[in-house]
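Take a look at the structure below.
Each reported figure results from applying straightforward, stated rules to the coordinates on display, with no laboratory input. Quick caveat: nothing in here was measured; it's all calculated off a predicted structure. Cβ atoms come from the backbone with ideal geometry, glycine included; neighbour counts cover every protein chain shown.
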Amino acid sequence: MIEARNVWKSYGDNVVLESMNIKVNAGEFVTMVGTSGCGKSTFLKMLLGMETVSRGELLLDGKVIPQEPDQSRGIVFQQYSVFPHLTVLQNVIVAREFEKSPLLGKLWGGARRRVEEEAKALIDNVGLSQALHRYPHQLSGGMKQRLAIAQALIRQPRILLLDEPFGALDPGIRADMHQLVLSLWREHNLTVFMVTHDLKEGFYLGTRLWVFDKTRHDPQAPQAYGAHITYDLPIDKRNRENLPALEALQVALP
C-alpha cells in the first residue's frame, strides 16, 4: 500500500531524512519512535502531502502520493485541531459540508440530515454522544482529542496519521484513548502511522515499530546527514506482554 524508495528529505543544506526504503501493507499499525528532530513528524507530513520528497519516491498503491492532503488520509495532531466556534456535531459535520458543497460549505434538507446521522453515529462511536451540542471550551482534553479523531474519520480515510496524539493527556485518559484507537483501527480497517515518544505506547499499540535515528555524523557539518529507520520490528501479542524485556533495546527517547 505504502512504499518509500530511497526517500530523502532536506531543507537547503539540512538533511532530515535519508535513504528510506520501506513497504507497508494495508491494515498495519506502524508506530514510530526516536529522538526529537529525527524526522518522524516530517515523514508523517510527507505521507499526508504537506511536505514533498526531496529525492526518491513515496508511493501509495504504486503511484506518487499527491502533494496535498486528500480524502484517503486523515490526521490527528497533539494540539487539538478543532474549531472553537463550532459545537461537537458541527465540528464533525463541517468536513462533509465542504466536501459536498465546496463553495458554500453548507448543506440543507435531506443531504444535511444524512450527514448529521453519519456524524452522530461516529460521535457515538468515539464516546461523545453526551456532548453533541457542547463547544470545545466545555470539553476536557481527552474529549477534545476524541473529537479530533472523529473529525479525521468522518471522510472515511484509508490511512490515519497520528502525530503524538496523546502526549498532553493524563495516564488514565491515555489508556482509554489507546483502547479507542485500537477499536477504531479494527472497525474501520485503517492503516495507521503513529508518532510517539513513549516506547511502551509504541509497542502496545503497533503491529510494527520503527526506530528513527542518525547513524552518520560529521562534527564539522552536523546537518549533512539525516536519520533513517534503524530498527523495523514486528510486534506480536507476546511482545506486548513482555514490555520490560523489549525495553532492553534502550532506545534513547527524550
What trypsin sites (Lys or Arg not before Pro) in the stretch 160-242 are in a loop by DSSP, with at most 13 other Cβ atoms within 10 Å of the Cβ?
ARG216
Rg from C-alpha atoms of the stretch 58-201, normalised by the globular rule of thumb 2.2 N^0.38 Å, equals 1.06
Average Cα contact separation per residue, the stretch 28-77, under 8 Å, 6 or more apart, as relative contact order %
29 percent
Can you list the residues, at least 5 places off or on another chain, whose amide H is less than 5 Å from the amide H of MET32, using H built in the peptide plane?
MET194, VAL195, THR196, TRP210
Between the modelled labels at TYR231 and LYS200 (7 Å from Cα along Cα→Cβ) the distance in nm is 1.7 nm
Dipole of the chain, positive direction: furthest Cα of PHE193, LEU17, THR215, with charges on the beta-carbon:
PHE193
Note down the relative contact order for the stretch 1-136 as a percent, whole number, built from C-alpha pairs under 8 angstrom at least six residues apart.
21 percent
I want to check the label-to-label distance for GLN179 and SER140. Put each point 7 Å from Cα in the C-beta direction and report it in nm to one decimal.
1.3 nm
Using +1 at the C-beta of Lys and Arg and -1 at the C-beta of Asp and Glu, which of HIS137, ALA95, SER183 has the Cα lying farthest in the positive direction of the dipole of the stretch 88-205?
ALA95
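Rounded to the nearest 5, what is the percent of antiparallel bridges among the DSSP beta bridges in the chain? List each step's numbers first, then the result.
Details: 20 of 40 bridges.
The antiparallel proportion sits near 50 percent.
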The chain, helix-only ellipticity at 222 nm - DSSP H runs n ≥ 4, -39,500 (n - 2.57), divided by all residues, nearest 500
-10000 deg cm²/dmol
